[in-house]
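> Below you will find the structure I want to go over with you.
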Amino acid sequence: MLDRSRYGVFLALCAALLLLLSACSGPQGQSEEYRLGLMEPLSSPDRFTAYLVLQERVDVLNRQGGVEVGGRKMKIRLLVEDSGGTTEKTMSAMGKLVQQERVSGVIGPFYSREAIPVAAALETLRVPMLTPSATNPEVTRGRTFAFRVCQLDSDQGRALARYAHGELGLRRAAVLYDEADAYSSGLAGFFAEAFSTLPGGSVQKEPYPAGSTSFLKQLMRIRASGAQLLFLPNFPTDLAPQIQQARAAGFTGVLLGGDSWDTDHGFHSLPEVQGAIYSTDFAPAAADPARLAEAQAMAAKNGASLGKNAALTLDALDLFIAAARKVGSTDPVSLRSGLASLSGFEGLTGSISFTPGSGDPVRSTCLMEIQGGKSALRARLNPEPR
Amino acid sequence: MRWSVRKSLVARLVSTYLVLSLVVIVCVGAASWLVSRELLKEAAFARLETSARQKETDLALWVEERLRDLNLMGTLLAKQPGIRAGAQGLPKPGAETMALLHAYKASQQDARELLLLAPTGGRVVASTEPASVGSYRASYNFYLQGRQGPAVQSVYPSPDSLTPVLTVSMPVKDEEGQLLAVIAMHLTLEPIAQIIRSRAGLGDTGETYLVDSSSLLVASGRLDMESAQRKAHSEGVVQVLSGKSGRSLYVSDAGVRVLGVYRWMPAYQMALLAEMSQAEAFAPANRLALTLVFVALVAAVILAAGVYALSRRLARPVLDVTRAAMAVAGGDLTARAPVETTDELGNLARAFNAMTGELSDLYERLELEGRERGAILHGSFDGIAVVGKSGAVDYCNPGMERLFGCTLPDTPSLAVLADRIFTDSEERRSFITTLQDDMTRDNPPERVFAFQHKSGARRWCRLKVSPMHGDRMVLNAQDLTEIKASEERVRHMALHDHLTGLPNRQLFLDRLDQALRRAKRGGVNVAILYIDLDHFKGLNDAYGHAHGDRVLVETSLRLRACVRESDTVARLGGDEFVIILPDLVQVEDALPVAEKVRHQLFDPDSGGGRLFLGASVGVAFSPEHGQDQDTLLARADAAMYEAKRGGGNAVRVAFPFRQGQPAEAD
């Protein structure tokens, strides 16, 4: 009587019960992709748009099937976090990218004050960080997982000092800087140190507290010192009042700036700033025309312009891809060795190499001059031995 | 196993019962498990939620307490002279300030660092950690907020200690409300996290823990990948970090199935999770279901034994009837089923026995009837056979075999029979078609035909085809040979003279009629010789009738010897004979025959002169002397008398018809 069909019904009943009792859900497998984090200020006032250009570049690469790593085609997944605002927010964003999103590497942050704590944390977490524009030496000093695309503040300060002393023939310099900002005070220090050691060189250092709006007290002292040049390693929000107040205070010498002058060109149209010279990593006139056109098209598509930060950010992505290709892995630790061993990488901002034991690149510097509201390439300074 | 179950009624009953019982047991077990699990789940969630609420309150109280402490300290610091801004706008804290900060840190193990910051620029002017002094906190939220009023900075990974830190801060103001400094305190979360993780009231596996916004387990302390991987991908953490609070069943980071309640606390940017393993929470449900199933299984086994005993009792009469039925099927009609009960099964046995008895009687009657029918068939003089529509012979009784002289194995079909009993192919064909035709008719006529017996003798048969039930036919055949023979004898006696065997007058007239008709059609001539013996009366009288009969017999023999085979010699009566000579080309051909007859009948030397004493012969021709038999016979008779009158032993030809006188012969 227990024929096949009745056995079947019985078994089906048991199976249904078992299914009912043991309904479970296993974890979903993650598809293989190259996950990269981007930490960038996304909220006002200093909102960056480099991520738009970078996302476009990633989309183009993914449409072509991704990048080949270790014999496998991998799609790139770009995870963008807001690094802007406060240190707490930056640290939380870093924690989210690494611990929740499990990125293989982090591009950013862009400011030294953000990059330093983040580099410290990523060193512990053993995830490589490649900042496009944080120039302070503290970012990479003593670390193995921190890299940068831009020039080092010490290199920048030294290059500016030599140029001012040699090419411009100036001897008395003054520096006005934000004492609480790592970039500002750092670059100020490197410049002062280099300039004061050059023959006949003297430097008047004038710090100001973060958040100041009036710099007249410091500027009056600078004028009194008879400085021939005023070095302003500050950010554009502070630069406009500083330049205007300097001229108002009667300073007539040369205005000198760092690469922060290249982040926002709004103040370049001020009449007081014409003739000023600043150093930067990226000059369109010095870039490979084909790559430049391609990058500019990607930027234009998203309504952004190809500034220094966007160019450095694109180079950061290409450096990460080159490193993954070189080691054939996207594992964070392998990726770090890949970055450290890159040499002669040709990017949009020029040739970049890393020397063993340092996250700072050996790279060229461009000197720009503001003329008629626009910046033009004045000189290209080759890397100097440290 | 399947076969034995199929063959045994008892096994089928017991196995059916067991299967149904198992299904019911499984259903009841599953239902009780599911229902109790659902109830337990609700209860466990309620406990977890209560616990989570309690821990959240603990956390809020802890933070509030630290803020109160900071406020008190700010008030104390504001009264110290060094706090006033110095030359560069920076407060210059004295030894008392440092002592106060250190004393507080020493008293509170959760205070990681106490800081005093300049009102502008964020410079650290005093700290329990000497390394921090001189550095800047301008970009820190706790500093920016702390300048405005009491602030709680939600949890973040501290760049200094690389641990999750919660910072409370507060402005230090003088009596006029002038901002003198900002006091801040980094709180390590470990102590509070340990308190939160205590398992009070959550059983053996229940736990409550804090996770920061980057899914780092707060209590684990160090910021490294190992701790980052913990709790990272449990469903509860994923849900709560997306900003949702709720509860669900999921697998914890340790791979344990848990019931979890999770709450997102936006004020601290932390999540509070309370979890308890499902195994512990649902253990009572498992116990209940297992107990139910065990008790039900025991009950099912006991009941199965009862079903077994009952089904054996029920099955025994059925098995007895089955055995008896199998014996009957095997041919033993004497088999009877024992009647053991008075219920339906007893009735079944009784009915079966009655049926078997009836069957036995019927079988006997049929057997007797069959034997009788067989004897009838066997003893019948007539031939009886059963044939199919196709002509195949199915049965053939001894009468039939006698009739045709062949047995059933020799003649499997009518076609073979036809081959054996007919030599002519036309006859065979006719025989077969006639029988086939008869087979299709309702009441076919009797068929009489001659055939060749196996012995070679020609015999006669009468045959009738009768339909039988089904497609078959009965052939009834009778031997007609004897009847046919006696019929032939009677017919011969009626047409011949019994003494001489010659055709008598009736046959003579018939033959003459036929000869005349033929002559008329064919344009040929017929002659008759009318013969009367001379002196026969005298011989009869002198030597007796026996001698007369001998004379007549001898005469008939001599007459027959004088003529052709086709000629007819007849005796008309007494001593008068007639010869018909048909098919003559010319009448004169008859005269030599007449003369020969006269010559043969005049033989005085034979028989001592007592046999052939001469004869008078009258000859008449057709159509010369008449075209009908009476005329012709009369003219021949007249010519014979003429010869007799002339003294006998002569031949006279009748006169031509118009002269009316007989012609002289010699």
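> Under 15 Å from B:His186 (Cβ atoms), more than 14 Å from every other protein chain (Cβ to nearest Cβ) and surrounded by 17 or more Cβ atoms within 10 Å (Cβ to Cβ), is that true of B:Leu101?
Yes, satisfied.
> From B:Val28, B:Val63, which residue is more than 11 Å from chain A (Cβ to nearest Cβ), under 30 Å from B:Leu290 (Cβ atoms) and part of a helix (DSSP H, G or I)?
Details: B:Val63 fails: under 30 Å from B:Leu290 (Cβ atoms).
Selected residue: B:Val28, the only one of B:Val28, B:Val63 that is more than 11 Å from chain A (Cβ to nearest Cβ), under 30 Å from B:Leu290 (Cβ atoms) and part of a helix (DSSP H, G or I).
> Additional query: Among the residues of the range B:311-322, are any modelled with pLDDT of 90 or more and among the polar types (S, T, N, Q)?
Taking the range B:311-322 as the starting set, the residues that turn out to be modelled with pLDDT of 90 or more are none.
No, there is no match, as no residue in the range B:311-322 is modelled with pLDDT of 90 or more and among the polar types (S, T, N, Q).
> Looking only at the range A:74-95, decide whether some residue is within 14 Å of another protein chain (Cβ to nearest Cβ), within 13 Å of the chain's Cα centre (by Cα), of a type in the set (Gly, Ala, Ser) and surrounded by 24 or more Cβ atoms within 10 Å (Cβ to Cβ).
Within the range A:74-95 (the criterion being within 14 Å of another protein chain (Cβ to nearest Cβ), within 13 Å of the chain's Cα centre (by Cα), of a type in the set (Gly, Ala, Ser) and surrounded by 24 or more Cβ atoms within 10 Å (Cβ to Cβ)), the answer is yes, since at least one residue qualifies.
> Yes or no: A:Leu130 within 16 Å of the chain's Cα centre (by Cα) and either closer than 21 Å to A:Leu317 by Cβ or crowded, with 24+ Cβ neighbours inside 10 Å (or both)? Let's see the steps before the verdict.
On the way: within 16 Å of the chain's Cα centre (by Cα): yes; either closer than 21 Å to A:Leu317 by Cβ or crowded, with 24+ Cβ neighbours inside 10 Å (or both): yes.
Spelling it out, A:Leu130 is indeed within 16 Å of the chain's Cα centre (by Cα) and either closer than 21 Å to A:Leu317 by Cβ or crowded, with 24+ Cβ neighbours inside 10 Å (or both).
Table: residues versus (1) part of a strand (DSSP E or B); (2) farther than 29 Å from B:Pro266 by Cβ.
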position	(1), (2)
B:Leu77	no, yes
B:Gly82	no, yes
B:Tyr104	no, no
B:Leu114	yes, no
B:Ala131	no, yes
B:Ala138	no, no
B:Ser154	yes, no
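> On the given criteria, is A:Ala164 small (Gly, Ala, Ser) and at pLDDT below 90?
No; evaluated as a whole, the condition is false for this residue.
> Looking at this structure, is B:Ala594 over 60 Å from the mean Cα position of the chain (by Cα), at pLDDT 85 or above and not in a helix (DSSP H, G or I)?
Answer is no for this residue.
> Taking the condition surrounded by fewer than 24 Cβ atoms within 10 Å (Cβ to Cβ), away from every other protein chain (no Cβ under 13 Å) and among the small types (Gly, Ala, Ser), does A:Gly108 pass?
No, not satisfied.
> Restricted to the range B:135-164, and to residues that are at pLDDT below 85 and more than 10 Å from every other protein chain (Cβ to nearest Cβ), which residue is surrounded by the fewest Cβ atoms within 10 Å (Cβ to Cβ)?
Residue satisfying both the conditions and the ranking: B:Ser161.
> Here's something else I'd like to know. Name the residue, out of B:Leu368, B:Leu359, that is touching a residue at least 24 places away in the same chain (Cβ under 8 Å), loosely packed, with under 15 Cβ neighbours inside 10 Å and not in a loop (DSSP other than H, G, I, E, B).
So the residue among B:Leu368, B:Leu359 that is touching a residue at least 24 places away in the same chain (Cβ under 8 Å), loosely packed, with under 15 Cβ neighbours inside 10 Å and not in a loop (DSSP other than H, G, I, E, B) is B:Leu359.
> In the set A:Arg141, A:Arg102, which member is surrounded by fewer than 23 Cβ atoms within 10 Å (Cβ to Cβ), away from every other protein chain (no Cβ under 13 Å) and among the basic types (Lys, Arg)?
After applying the criteria, what remains is A:Arg141.
> Is it fair to say B:Arg441 is at pLDDT below 90 and in the same structural domain as B:Thr555 (by TED's automatic domain parsing)?
no
> Out of all the residues in the range A:180-200, which are over 21 Å from A:Ala224 (Cα atoms), touching a Lys or Arg at 6+ places or on another chain (Cβ under 8 Å) and not in a helix (DSSP H, G or I)?
A:Ala180, A:Asp181, A:Leu198
> Can you pull out every residue in the range A:268-291 that is under 21 Å from the mean Cα position of the chain (by Cα) and surrounded by 17 or more Cβ atoms within 10 Å (Cβ to Cβ)?
A:Tyr278, A:Ser279, A:Thr280, A:Asp281, A:Phe282, A:Ala283, A:Pro284, A:Ala287
> Continuing with this model, one more query. Here is a list of conditions, (1) surrounded by fewer than 21 Cβ atoms within 10 Å (Cβ to Cβ); (2) away from chain A (no Cβ under 13 Å), and B:Glu113 meets all of them except one; can you say which number that is?
Among (1) surrounded by fewer than 21 Cβ atoms within 10 Å (Cβ to Cβ); (2) away from chain A (no Cβ under 13 Å), B:Glu113 violates only (1).
> Can you name the condition, by its number, that B:Asp110 falls short on among (1) in contact (Cβ under 8 Å) with a residue 40 or more places away in the chain; (2) farther than 21 Å from B:Glu64 by Cβ; (3) touching a Ser or Thr at 6+ places or on another chain (Cβ under 6 Å)?
Answer for B:Asp110: the failing condition is (2).
> If you don't mind, there's one more thing I want to ask. Here are the criteria: (1) within 14 Å of chain A (Cβ to nearest Cβ); (2) farther than 24 Å from A:Ser184 by Cβ; (3) among the β-branched types (Val, Ile, Thr). Tell me which single one B:Ile183 does not satisfy.
Here B:Ile183 meets the rest and fails (1).
> What's the number of the condition A:Ser184 fails, among (1) more than 26 Å from A:Arg221 (Cβ to Cβ); (2) within 12 Å of chain B (Cβ to nearest Cβ); (3) touching a Pro at 6+ places or on another chain (Cβ under 8 Å); (4) small (Gly, Ala, Ser)?
That leaves (1) as the condition not met.
> May I pose another question? Please state which one of A:Ser337, A:Ser353, A:Ser343 is touching a Pro at 6+ places or on another chain (Cβ under 7 Å) and either surrounded by fewer than 19 Cβ atoms within 10 Å (Cβ to Cβ) or in a strand (DSSP E or B) (or both).
Matching residue, one of A:Ser337, A:Ser353, A:Ser343: A:Ser353.
> Could you tell me whether the range B:608-617 includes any residue that is in the same structural domain as B:Leu552 (by TED's automatic domain parsing) and either acidic (Asp, Glu) or within 18 Å of B:Ala519 (Cβ to Cβ) (or both)?
no
The values are calculated or read from the model by the stated rules, or taken from the named source; none is laboratory data. Keep in mind it's a predicted model, so treat the numbers as computed, not measured. In this analysis, Cβ positions are derived from the backbone assuming ideal geometry, glycine residues included, and neighbour counts consider all displayed protein chains.
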